[in-house]
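Structure provided below as structure tokens; questions to follow.
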Amino acid sequence: MIFDTNGWNNLTRMKRSIYVTGIVALMAAMIACNPYKKYEEEENSLIADYVADNNISVSPDSHGLYYLELEPGTGDLIKTGDSVGVYYTLYLLSGEEVENNLDSETPYRLRVGSYLIIDGWSIGLTYMRLNTKARILLPSSLAYGTSGYGYYDYYGYYHSVIPGYTPLLFEIEVVELVRAKK
């Protein structure tokens, strides 16, 4: 009995080649059909349209944040670790107001850089000083990301407040500043 090793090796190589080609084709299809890419493109388009429609002339920072100072503040810039008190209004880019704390007797207090606040605030507040009033346009990656923000009610129903891939516009006024201890 004669065993042909060349034929066996060629068959093994052919099977391996078909397998690898199939895996590569499957990966390419998954990337091409990625629905998240569509949402990212829609968000980028929404931001670009808002910037154009509102004649925003500033460029985004390296994170994609647009900082528009309305009233300059005084003193040194706020730093990560400082505690601030702010009054704010949150808008969707459609102009719809989502929430604010303007009627509150006390400002919303937070520590800049805390894991309890969105990254966009930690970054945007470091461009501000005490008594600064500014608008901050955030891509969703600096806000509530791909999953958005919502809550469950008493009955277990989920209520979406901010959908995923939603850029946000904050108008923030810094009214209190406590420097971090060194």
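Compute the angle between helix 35-53 and the longest alpha-carbon principal axis of the chain, please, reported from 0 to 90 degrees and rounded to the nearest 10.
40 degrees
Another one. To the nearest 10 degrees, how steeply does helix 5-32 sit against the main Cα axis of the chain, on a 0 to 90 scale?
20 degrees
Once R0 is set to 45 Å, what does the formula 1/(1 + (r/R0)^6) return for the Cβ-Cβ distance between residue 63 and residue 14, expressed as a FRET efficiency to the nearest 0.05?
Working from the Cβ atoms, E equals 0.35.
Tell me, what is the per residue accessible area of the range 94-182 in Å², probe radius 1.4 Å?
Here the residues of the range 94-182 average 61 Å² of exposed surface.
From the Cα trace of the chain, what convex hull volume per residue do you get, rounded to a whole Å³?
Taking only Cα atoms, the chain has a hull volume of 248 Å³ per residue.
Same structure again: With a 1.4 Å probe and all protein chains kept in place, how do 176, 43, 96, 105 rank by accessible area, largest first?
105, 96, 176, 43
Rounding to the nearest 20 debye, state how big the charge dipole of the chain is about its Cα centre with +1 on each Lys and Arg Cβ and -1 on each Asp and Glu Cβ.
Using only the charged Cβ atoms, the result is roughly 1140 debye.
For the range 85-173, what is the convex hull volume of its Cα atoms per residue in Å³?
Dividing the Cα hull volume of the range 85-173 by its residue count gives 118 Å³.
Mind checking the range 47-137 for chymotrypsin sites (Phe, Trp or Tyr not before Pro) that DSSP puts in a loop (not H, G, I, E or B) and that have at most 14 other Cβ atoms within 10 Å?
When the chymotrypsin sites (Phe, Trp or Tyr not before Pro) of the range 47-137 are filtered for loop state and at most 14 Cβ neighbours within 10 Å, 115 remain.
At a Cα cut-off below 21 Å, give the lysines reachable from residue 182, other chains included and same-chain residues fewer than 8 away excluded.
Result set, ordered by chain and number: 79.
Could you work out how much longer the chain between residue 100 and residue 41 gets when fully extended? Use 0.36 nm per residue separation minus the Cα distance between them, nm to one decimal.
Once the chain is fully extended between residue 100 and residue 41, it gains 18.4 nm.
Let me ask something additional. Which trypsin sites (Lys or Arg not before Pro) in the range 31-116 pass both tests, a DSSP loop state and at most 16 other beta-carbon atoms within 10 Å?
Counting only loop positions with at most 16 other Cβ atoms within 10 Å, the trypsin sites (Lys or Arg not before Pro) in the range 31-116 are 79.
The values are calculated or read from the model by the stated rules, or taken from the named source; none is laboratory data. These numbers were taken from a predicted model, which means no experiment stands behind them. Here the Cβ is made from the backbone with ideal geometry for all residues, glycine too, and neighbour counts use every protein chain on show. What goes into the accessible areas is simple: the full protein's heavy atoms, side chains included, and nothing from ligands, DNA or RNA. Shrake-Rupley method; radii C 1.70, N 1.55, O 1.52, S 1.80 Å.
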